[in-house]
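See below for the structure under consideration.
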Amino acid sequence: MDEEQMRQEAADDKLINDAFQRLLDNYLSSRHRKKVDIITKAFNFARQAHKGVRRLSGEPYIMHPIAVAQIACEEVGLGSTSICAALLHDVVEDTDYTTEDIENIFGPKIAQIVDGLTKISGGIFGEQASAQAENFKKLLLTMSEDIRVILIKICDRLHNMRTLESQPANKQYKIAGETLYIYAPLANRLGLNKIKSELENLSFQYEHPEDYAAIKAKLADTEASSLNKMGVKYHIKERVKTPYSIWNKMQNKHVTFDEVYDILAVRIIFTPNNREEEINECFNIYVAISKIYKSHPDRLRDWLSHPKANGYQALHVTLMSKQGRWIEVQIRSDRMDEIAEQGFAAHWKYKDGVEGEYTEDETELNDWLRTIKEILDDPQPDAMDFLDAIKMNLFASEIFVFTPKGEIFSIHTFLGSHCIGAKVNHKLVPLSHKLQSGDQVEILTSKAQHVQPSWINFVSTAKAKGKIQAILRRDSRELQKQGEAFFADFLKRNNVSDMPNAADVLTEYHDIRSREEFFQAIGEKSILLGDKDVDELLGKNSGDKRGWRKFVPFLKQQKKAVEEQPELFVVPEKFNKKKPIYITDDNIQQYKFNHCCHPIPGDDVLGFIDGKHQIEIHKRACPVAAKLKASYGNRILDAKWDMHKKLFFDATIRLQGIDRVGMLLDISQVISSQLNVNIHKLTIASEEGVFDGTIELRVHDRDDVRNIIGQLKKIADIQDVSQIM
């Protein structure tokens, strides 16, 4: 071994030993029993197993398991069993050791958790991680065995996100996308609020680096002029809204940074004199501070009497600051605060001071897991549908409604499937009526009623949606069989029965998503097969002039329309997915631009390799892209624009303001004369002195849109200008 290698090895040893010592120090300062020996044993075992292996960042691989164990101990508050499992979580997958080896050395409990983590790993940074929906099913199934599996998995994901910089851009989008789509909501549902926020921010940082940097800079200015103490003699934490949550609000509500009113928040955390009186003390604090600061009457949220499903308890009030801004104030005890930060993991601490076992009396968690299990028992045929169902369950907003007898309300499948309407607060309402917290509900049924497909559009929970889909699928299977038989007969009658991909050709021709839906449509007689279908199968429909324009409906050629249909780029087998693709004026016609998000040059975009090996372009924030990143991560590509203002794209801008004489003239002069932009369509509606309108324009890129919006805002009496996506 030469001198350089010896120096490197000594540096590695110091790095590893220092990280492990920090973990031990943190563990020893916790409430848990001090099982240092078994943690040290797990560390030495993992260190030896991963010896000589490095991560992409260049650091020794063992630094990753130590970091995951550190997060589990320090940020989630788990004890020795979880710390050992975290240290060992990659051993079975990445080395020659087996689960049986782990059980023989560390016992059945640690081995069970490591086995659960191994089953759901699938190589987070590997090509085999494409079937994320399948991995996620496994992850949810292991939750019922031991909740610590998912808690450690979230710790693992957090460290991977913290070290994402060493990955190529396409992997960054894949990992950030599935983190935002699945892991952040899951952390939120388990009460890991701090981790949820960091996962969101890290995802945001990699998907929209420029927006992240801009908001971060503005937040630094906001924090400098933050609130002073409010004069209440309790521990007060000031909190600034996270960059991701601010950006999300800006996108959803089409507002600027300065218009996000609840950037600042305050937490008042107290130690109650008597644990039984802590709820009363929360309200007493609210009464005291509302005498000093004016409170917002419609923004009081009581999570004390009815905690959230993840155990969260607090009283949320909104007060007017001395500077005239509304500020959210969260009042909670130190116990509530710890549960807010660490969720279900913190419940163990308040049992007996040691790391408890997951037991059946964790009622809130069990109720949630039971719904997850029901979804898993009736798996969706499509990975996207499955992720949608889980996502819906993670984000279901929590309200409490009551039966006519005053009991907490829930509805079982038989009652739901025969429901014709309901009485809410003694008034008759349709099935689509949206319930509010505190409503009293009576269900009206009829044996003649049957589940309708339209119900999917207004149900609010994953459980309800899952049950409806299960019943509809059962009905549709029979229709599919009928449609398939009719289709086979149709092919035979027209002498094309030997065409192997006939169903796929006509599925695409009728713009239907899958063969199953195509057969069902034939069974329902919503598609009537005829001569045009035969022509399509025989290739006689080539006269369709739409061509590639159906993929780029908003793209306008500046000079002349392209009559011939350019070929879409087909990804070859040995395509380098790590390199970005460049969208240029000359090759833009080779990519698919679907209707979901209408990206234009300047937008943060990515590419997706579809089932035909062609490339779709999506905005990184597109809802469809979010599902694709979570379900088919290994098909994601980094995409960049290389456009030179030759082509035009559609953009729609919304205007609101005070109506006056000459307003329309001012708007058109700014756009046409000052900016030399063509107005395609202008719609303005005025009522009682206030106008609301939209302008459809032809622009080159996102900079054009920003410039137009900036100039329009300067017009007198215009109150709001925003782009409609």
**Q.** Top-ranked residue in region 217-234 [being at pLDDT below 60 and assigned to a helix (DSSP H, G or I); ranked as surrounded by the fewest Cβ atoms within 10 Å (Cβ to Cβ)]
**A.** ALA224
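Matching residues to (1) without any contact (Cβ under 8 Å) to a residue 60 or more places away in the chain; (2) under 21 Å from the mean Cα position of the chain (by Cα):
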site: VAL570; (1), (2): yes, no
site: LYS578; (1), (2): no, no
site: ILE636; (1), (2): no, yes
site: LEU655; (1), (2): no, no
site: LEU665; (1), (2): yes, no
Q) Cβ-Cβ below 6 Å, separation at least six or inter-chain, first residue in region 50-70 and over 20 Å from GLN172 (Cβ atoms), second among the hydroxyl-bearing types (Ser, Thr, Tyr) and part of a loop (DSSP other than H, G, I, E, B): which pairs? A) HIS50/TYR61; VAL53/TYR61
Q. Which one is least open to solvent (accessible area, probe 1.4 Å), of the residues in region 492-515 that are part of a helix (DSSP H, G or I) and without any contact (Cβ under 8 Å) to a residue 12 or more places away in the chain?
A. THR507
Q: Can you tell me which residue within region 516-569, out of those that are at pLDDT 65 or above and closer than 29 Å to PRO599 by Cα, is most open to solvent (accessible area, probe 1.4 Å)?
A: GLU567
**Q.** Sole exception among (1) over 39 Å from the mean Cα position of the chain (by Cα); (2) among the charged types (D, E, K, R); (3) open to solvent by less than 60 Å² (accessible area, probe 1.4 Å) for GLU9, by number
**A.** (3)
Q. Taking the stated definitions as given, is ALA470 touching an Asp or Glu at 6+ places or on another chain (Cβ under 6 Å) and assigned to a helix (DSSP H, G or I)?
A. yes
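Yes/no per residue for (1) crowded, with 24+ Cβ neighbours inside 10 Å; (2) among the small types (Gly, Ala, Ser):
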| position | (1), (2) |
| --- | --- |
| LEU164 | no, no |
| THR179 | yes, no |
| GLY191 | yes, yes |
| ILE195 | yes, no |
| GLU198 | no, no |
Q: Grab the strands (runs of 3 or more DSSP E) fully contained in region 259-347, keeping just those with 3 or more residues being open to solvent by 70 Å² or more (accessible area, probe 1.4 Å) and at pLDDT below 85.
A: none
Q: Mind listing whichever residues of region 76-119 are in contact (Cβ under 8 Å) with a residue 24 or more places away in the chain and surrounded by fewer than 19 Cβ atoms within 10 Å (Cβ to Cβ)?
A: GLU93, ASP94, THR95, TYR97, ILE105, LYS109
Q | Selection within region 399-422 - surrounded by 15 or more Cβ atoms within 10 Å (Cβ to Cβ) and modelled with pLDDT of 75 or more | A | CYS419, GLY421, ALA422
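Matching residues to (1) surrounded by fewer than 18 Cβ atoms within 10 Å (Cβ to Cβ); (2) in contact (Cβ under 8 Å) with a residue 12 or more places away in the chain; (3) under 30 Å from ARG301 (Cα atoms); (4) not charged (D, E, K, R):
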| residue | (1), (2), (3), (4) |
| --- | --- |
| HIS433 | yes, no, yes, yes |
| SER446 | yes, yes, no, yes |
| LYS465 | no, yes, yes, no |
| GLN469 | no, yes, no, yes |
| ARG474 | yes, no, no, no |
| GLN482 | yes, yes, no, yes |
| PHE490 | no, yes, no, yes |
Q | Close pairs from region 668-682: first touching a residue at least 12 places away in the same chain (Cβ under 8 Å), partner open to solvent by 100 Å² or more (accessible area, probe 1.4 Å) and not in a helix (DSSP H, G or I), Cβ under 9 Å, at least 6 apart | A | VAL670/LYS714; ILE671/ASN678
Q: Go through region 164-199 and give me each residue that's among the basic types (Lys, Arg) and more than 26 Å from PRO307 (Cβ to Cβ).
A: LYS171, LYS174
Q: Note down all Cβ pairs under 8 Å where the first residue falls in region 10-39 and is farther than 19 Å from PHE106 by Cα and free of Cβ contacts under 8 Å to residues at least 60 places away in the same chain, the second is open to solvent by less than 80 Å² (accessible area, probe 1.4 Å) and basic (Lys, Arg), and they're at least six residues apart or on different chains.
A: ILE16/ARG47
Q | Single residue of region 593-606 satisfying the filter (over 20 Å from the mean Cα position of the chain (by Cα), free of Cβ contacts under 8 Å to residues at least 60 places away in the same chain and open to solvent by 20 Å² or more (accessible area, probe 1.4 Å)) that is nearest to TYR173 (Cα to Cα) | A | ASN594
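The values are calculated or read from the model by the stated rules, or taken from the named source; none is laboratory data. Just so we're clear, the structure is a prediction, and the values are computed from it rather than from any experiment. Every residue, glycine among them, receives a Cβ derived from its backbone with ideal geometry; neighbour counts consider all protein chains shown. With ligands, DNA and RNA removed, areas are computed over all heavy atoms of the protein, side chains included. Shrake-Rupley method; radii C 1.70, N 1.55, O 1.52, S 1.80 Å.
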